[in-house]
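Structure record follows, encoded as structure tokens.
FYI, it's all coordinate maths here, none of it is from the lab. Quick caveat, the model's predicted, so the values are computed rather than measured.
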Amino acid sequence: MAKITASVFTSHVPAIGAAMDLGKTQEDYWKPLFKGYEYSKQWMKDNKPDVIFLVYNDHATAFSLEMIPTFAIGTAAEFTPADEGWGPRPVPKVIGHPELASHIAQSVIQQDFDLTIVNKMDVDHGLTVPLSLMCGELDPKKDAWPCPVIPFAVNVVQYPVPSGKRCFALGQAIRKAVESFDEDLNVHIWGTGGMSHQLQGARAGLINREWDNHWLDLMINDPVACANTPHIDYVREAGSEGIELVMWLIARGAMSDVVDGKVVGPAPVVKHRFYHVPASNTAVGHAILENA
Ligand code: DHB
Ligand code: FE
């Protein structure tokens, strides 16, 4: 049986990828940010999963206003890092896991979540920056990401976007799906994007440390209350792009203490927690939880 053993949460600021690709991680501006991921890179080496189920959002890269799936699962054998305007990032291509991804699609759709199945898709900074933060700099000519990755794209870019509650319920369905896969696989689930940021309009540059940290407390310790956070609170308190945080609730809902929408089991172990401002226009949040 496959099993989800841990969840990872992290922001995905594209400038972080550029800082890594251009050798700027030890500059004064970036040093404190990358210091917060030192533990995480070692943890990844010590706890290497067989598969990462990576919840992220596409930023009008693979999708556009022509086609906007709310929840899309990548079932392909591989995914190419996208050209977002400055050429593709110099990172390894992403190897998928078509068997597990197809199984999850079958199971989750039969649990009444209508996923879009994607057999060809380039992946943007929403997916590659979290991988770089957790795995460090890799040479695409000779290195590979440590394991296969199943990309799971959520629409948080074009309204209407899914609620935190829906995302939290979806996480529970994904865990059931993983646990019914007939092969012993150690699976990690990642929730990415956030924290507070607004890239546009009169409030561009908005950061809300207090709200971010309170939300992080809730996400870890009282995920049911966190999942009930209304959509308008994200926008008001964390800015228009702060809504990316609902994706973290998919990963949190997949942890083993949550059953039928309630917390019943022992709380996950918080292996690491980090918060840092500034990184470009975004507050960076990060956590690693292991099932108890
Ligand atoms: C920034 C953050 C994002 O989440 C994004 O998708 C693009 C830019 C930023 O802070 O610059
Ligand atoms: Fe983003």
Go through region 64-71 residue by residue and turn each phi into a ³J(HN,Hα) via Karplus (6.51, -1.76, 1.60, θ = phi - 60°); whole Hz please, and just put x for glycine and proline. 8, 5, 6, 8, 9, x, 6, 10
May I have the extent of the alpha carbons of region 179-292 along their three principal axes, as whole Å values ordered from largest to smallest? 51, 24, 22
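What's the Kirkwood radius of the chain in Å, using all Cα pairs? Kindly include the intermediate steps, with their values, before the conclusion.
On the way: mean 1/r = 0.0534 Å⁻¹.
With all distinct Cα pairs of the chain included, I get 18.7 Å.
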HN-Hα J couplings of region 146-156 from phi, Karplus 6.51/-1.76/1.60, θ = phi - 60°, integer Hz, Gly and Pro as x? x, 6, x, 10, 9, x, 10, 8, 10, 7, 10
Sequence-distant residues sharing a close amide H with GLU78 (under 5 Å, placed H): GLY96
Partner lysines for LYS176 [C-alpha distance under 17 Å; skip if fewer than 8 residues away on the same chain]: LYS3, LYS262
³J(HN,Hα) across region 76-91 via Karplus (A = 6.51, B = -1.76, C = 1.60, θ = phi - 60°), whole Hz, x for Gly/Pro? 6, 6, 7, 9, 8, x, 7, 8, 9, x, 10, x, x, 4, x, 10
If the reach is capped at under 27 angstrom between alpha carbons, list the lysines near LYS142, excluding any in the same chain fewer than eight residues apart. LYS24, LYS31, LYS35, LYS41, LYS45, LYS48, LYS93, LYS120
Which residue fluctuates most in the GNM of the chain (Cα springs below 10 Å): ASP112, ASP212, ASP21? ASP112
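With both partners inside the chain, how many of the DSSP beta bridges are antiparallel, as a percent to the nearest 5? Don't jump to the answer; show the numbers that get you there.
Values: 22 of 43 bridges.
Taking every DSSP beta bridge within the chain, about 50 percent pair in antiparallel fashion.
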